[in-house]
Amino acid sequence: MYNFIRYILLCFSIIFLLIETLKADHRKYVWTYQYMTMDRGEAEFENYLTFSTPESGKFENNTTFENQFEIEIGMTDNFDFAIYQVFKQKPGGNFTFDSYKLRARYKLMKKDEFLFDPLIYAEYKGYPDFSQHKFEFKLIMAKDIGHFNVALNPIIELESSKNWKPLFLYSIGLSYELSKLLCLGVEFRGSENGHYVAPVISHGSPKLWIAAAPTFMLGGIKAGNPEFLFRTIIGVGI
């Protein structure tokens, strides 16, 4: 547990140390997607670190660690494509390759042409032995109002191991940009398996940004799902 707390403190220390040197825009959330794609011809490396535990008061020997490496490329002004490699370590287990993902995003309209700025998101997740297949589809709707941002992501998941039964999820983000360097917000996410709230802090520039959010359950959680998660995302332009 002490190692976990030290990791959280280290992440937030890095955030505040970088605030003085970074300029321009930044990603605002860790679970919710905004209205954005990579610019044409640009690329970015992203690293997702996610810790989760089925018991919020017990971290030692009870925490699963997931590390995702993503390369994201802007194909056109409205379309980008990404490849993920996902590694996972369960309590008492080894750090191993878990799965891979292929993801595409497409802007349906230009910014501020509609009440919300819409974007569609499609993702395929596969496993090394090809035993399972998972598809995820999101409608990303977001809006900037001055320094405020609101983003809504209705989500549908389809997984072969569950006889392609759809799972409906949601993610909602609300944030306020304190400056060009710092943004604070809150996210809500969930499904029939449980609901969560996550205070989020983010900062950065087009070439370097970081976001972090501890994520807490709201009410009851279906058995087998985590009570607490902590996620950080770091993005580096390449």
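Things worth noting here:
- Subset of the stretch 117-144 [at pLDDT 95 or above and among the hydrophobic types (A, V, I, L, M, F, W, C)]: LEU119, ILE120, ALA122, PHE135, PHE137, LEU139, ILE140, MET141, ALA142
- If you go through the stretch 101-126 and keep only what is part of a loop (DSSP other than H, G, I, E, B) and among the aromatic types (Phe, Trp, Tyr), you end up with PHE114, PHE116.
- Residue satisfying condition, being of a type in the set (Asp, Glu), free of Cβ contacts under 8 Å to residues at least 60 places away in the same chain and in a loop (DSSP other than H, G, I, E, B), within set ASP98, ASP129: ASP129
- Taking the stretch 130-149 as the range and being farther than 19 Å from MET38 by Cβ, surrounded by 14 or more Cβ atoms within 10 Å (Cβ to Cβ) and in contact with a Ser or Thr (Cβ under 8 Å, 6 or more places away or on another chain) as the test, the residues that pass are HIS133, LYS134.
- Scanning the stretch 49-56 for residues that are at pLDDT 95 or above, touching a Leu at 6+ places or on another chain (Cβ under 7 Å), in a strand (DSSP E or B) and among the aromatic types (Phe, Trp, Tyr) turns up at least one hit.
- Every residue from the stretch 170-193 that is under 15 Å from ILE221 (Cα atoms) and either crowded, with 17+ Cβ neighbours inside 10 Å or within 13 Å of the chain's Cα centre (by Cα) (or both): PHE188, ARG189, GLY190
- Those strands (runs of 3 or more DSSP E) of the stretch 134-236 in which 2 or more residues are in contact (Cβ under 8 Å) with a residue 60 or more places away in the chain and in contact with an Asp or Glu (Cβ under 8 Å, 6 or more places away or on another chain) occupy 167-177, 194-205, 208-218.
- Boolean, ILE83 is surrounded by fewer than 15 Cβ atoms within 10 Å (Cβ to Cβ), among the hydrophobic types (A, V, I, L, M, F, W, C) and either more than 24 Å from ALA198 (Cα to Cα) or in contact (Cβ under 8 Å) with a residue 24 or more places away in the chain (or both): yes
- Selection from the stretch 196-205 of residues that are in contact with a strand residue (DSSP E or B) (Cβ under 8 Å, 6 or more places away or on another chain) and buried (at least 17 other Cβ atoms within 10 Å of the Cβ): TYR196, ALA198, VAL200, ILE201, SER202, HIS203, GLY204
- Among the numbered conditions (1) free of Cβ contacts under 8 Å to residues at least 24 places away in the same chain; (2) within 20 Å of MET36 (Cα to Cα), the only one that ASP77 does not meet is (1).
The rows are residues; the columns are (1) within 19 Å of MET36 (Cβ to Cβ); (2) surrounded by 13 or more Cβ atoms within 10 Å (Cβ to Cβ); (3) of a type outside the set (Phe, Trp, Tyr).
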| residue | (1), (2), (3) |
| --- | --- |
| PHE87 | no, yes, no |
| PRO91 | no, yes, yes |
| THR96 | no, no, yes |
| LYS101 | yes, yes, yes |
| ASP112 | yes, no, yes |
| PHE116 | yes, yes, no |
| GLU123 | yes, yes, yes |
| PRO128 | no, no, yes |
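- Pairs, first under 10 Å from LEU229 (Cα atoms) in the stretch 43-55, second among the β-branched types (Val, Ile, Thr) and assigned to a loop (DSSP other than H, G, I, E, B), C-beta under 8 Å, six or more apart: PHE51/THR63; SER52/THR63; THR53/THR63
The values are calculated or read from the model by the stated rules, or taken from the named source; none is laboratory data. What you see is a predicted model; the values in this text were computed from it and never measured. All Cβ positions, glycine included, derive from the backbone under ideal geometry; neighbour counts span all protein chains shown.
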